[in-house]
Amino acid sequence: MRAVKHVAVLGAGGLGRNMARLLDFKKSLKLVAICDTEGYAFDTDGIESAVFENLPPGHTVGDLHSGNRAADPIAEVLARHSEIDGIFLALPNLPNEFIPETIDKIIASGYKGVVVDALKRTSAMDMVFERREVLAKAGITYVTGCGATPGLLTAAAALAAQSFVEVEDVTIWFGVGIPNWDAYRATIREDIAHLAGFDVNKVSAMSDQEIEQELEKRNGLLELVNMEHADDIMLEQAGILERARVKVGGLVDTRNPKKPVSTNVKITGTTFEGKKATHQFILGDETSMAANVNGPALGYMNAGFWLNSQGIAGLFTSADLMPRWPQ
């Protein structure tokens, strides 16, 4: 077992690069591989986030000193799976099949470590659940839904539910502020797919110019209600409440780094004394989307290392486990 765990990040957009920044602060983990659609970088001595600052716009991570351009960068990274302990999937959730099919590639590679994702959509997570048995047989410890929502807020709901004998509803309302949509193109596309008149297929076919035009119509502000968010299936799988009683929505400002509303989760239920109450957990407005996604993802990866070291493989969600703080 390596004392310092080797981490690979599949995806080099906003979340992927910010994960690299977060890993700079960790002594027990280091980034050794990262890829985008055109190339990959791999260095077992570690890749510091500063290298991305000097990468010209439009260039692939394959152009880094430790990089290579490649037709199938994910396959190239997985070919060196014996040098990797943990994988973070910072990949687009579009189309729904993309992450589940990437899981198939990881299984086929022979990898036996830890994988975490920040998957959002219920329909996509359903596909991940279909791979439960094969993940266990492959010796992979996989934790799904490890971002902010699903993830941090789902776990908070699962913890807060313990006060009650019956949970009536869970309501998540989030606020995200980013200075411009370029930094989180895949995330914004996923959000637009939740709007009335849009779906996954329609958004996948839209050009960047069409996305920008849609944002212009809305003054850069997206209001999302009754989203198809996997918090519902995760809390249902945990036995806490039916998925229909979980509501997720929020406001995304694509032109301003300040959150348009505080991110929070409310859990309403009845105690054994017959008292009805609501717990609320509010995230600090100063914490960014990247902090609230990448931080929990690393914590769940560390929990996965703990399970994997005990020979425990298979599929878990962030509602099943407590994250473990990585030094």
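The values are calculated or read from the model by the stated rules, or taken from the named source; none is laboratory data. Small disclaimer: the values here were computed from a predicted structure and weren't measured. Because the Cβ atoms are built from the backbone with ideal geometry, glycine has one as well, and the counts that use them run over all protein chains shown. What goes into the accessible areas is simple: the full protein's heavy atoms, side chains included, and nothing from ligands, DNA or RNA. Shrake-Rupley method; radii C 1.70, N 1.55, O 1.52, S 1.80 Å.
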| said: With the requirement that a residue be over 18 Å from ALA50 (Cβ atoms), at pLDDT 95 or above and either in a loop (DSSP other than H, G, I, E, B) or touching a Ser or Thr at 6+ places or on another chain (Cβ under 9 Å) (or both), what does region 3-23 give you? | reply: VAL4, LYS5, HIS6, LEU10, GLY11
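Conditions tested, residue by residue: (1) without any contact (Cβ under 8 Å) to a residue 12 or more places away in the chain; (2) among the β-branched types (Val, Ile, Thr).
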position: GLY11; (1), (2): no, no
position: ASN18; (1), (2): no, no
position: PHE25; (1), (2): yes, no
position: VAL32; (1), (2): no, yes
position: THR44; (1), (2): no, yes
position: GLY58; (1), (2): yes, no
position: HIS81; (1), (2): no, no
| request: Report, ordered by the first and then the second residue, all pairs with beta carbons closer than 8 Å, sequence separation of six or more or different chains, a first member in region 304-327 that is more than 21 Å from GLU236 (Cβ to Cβ), and a second member that is of a type in the set (Asp, Glu). | output: PHE305/ASP85
| remark: Note on region 63-80: residues closer than 24 Å to ILE99 by Cβ and among the polar types (S, T, N, Q) are ASN68
| Is there a residue in region 264-278 that is closer than 21 Å to LEU15 by Cβ and modelled with pLDDT of 95 or more? | yes
| request: Have a look at PRO323, PRO257, PRO296 and point out the one that is more than 21 Å from ILE188 (Cα to Cα) and in contact with a Pro (Cβ under 9 Å, 6 or more places away or on another chain). | output: PRO323
| Which pairs have Cβ atoms under 9 Å, sit 6 or more apart or on different chains, and link a residue in region 283-302 that is under 22 Å from ASN180 (Cα atoms) to one that is among the charged types (D, E, K, R) and assigned to a helix (DSSP H, G or I)? | ALA290/ARG17; ALA290/ARG21; ASN294/ARG21
| request: Please verify whether region 296-310 includes one or more residues that are hydrophobic (A, V, I, L, M, F, W, C), exposed (fewer than 15 other Cβ atoms within 10 Å of the Cβ) and within 27 Å of GLY11 (Cβ to Cβ). | output: yes
| Enumerated strands (runs of 3 or more DSSP E) restricted to region 201-294, each holding at least 1 residues that are of a type outside the set (Val, Ile, Thr), closer than 27 Å to ARG17 by Cα and open to solvent by 80 Å² or more (accessible area, probe 1.4 Å) | 221-224
| Which of the following residues is free of Cβ contacts under 8 Å to residues at least 40 places away in the same chain, open to solvent by less than 80 Å² (accessible area, probe 1.4 Å) and over 21 Å from TYR111 (Cβ atoms): VAL51, VAL4? | VAL51
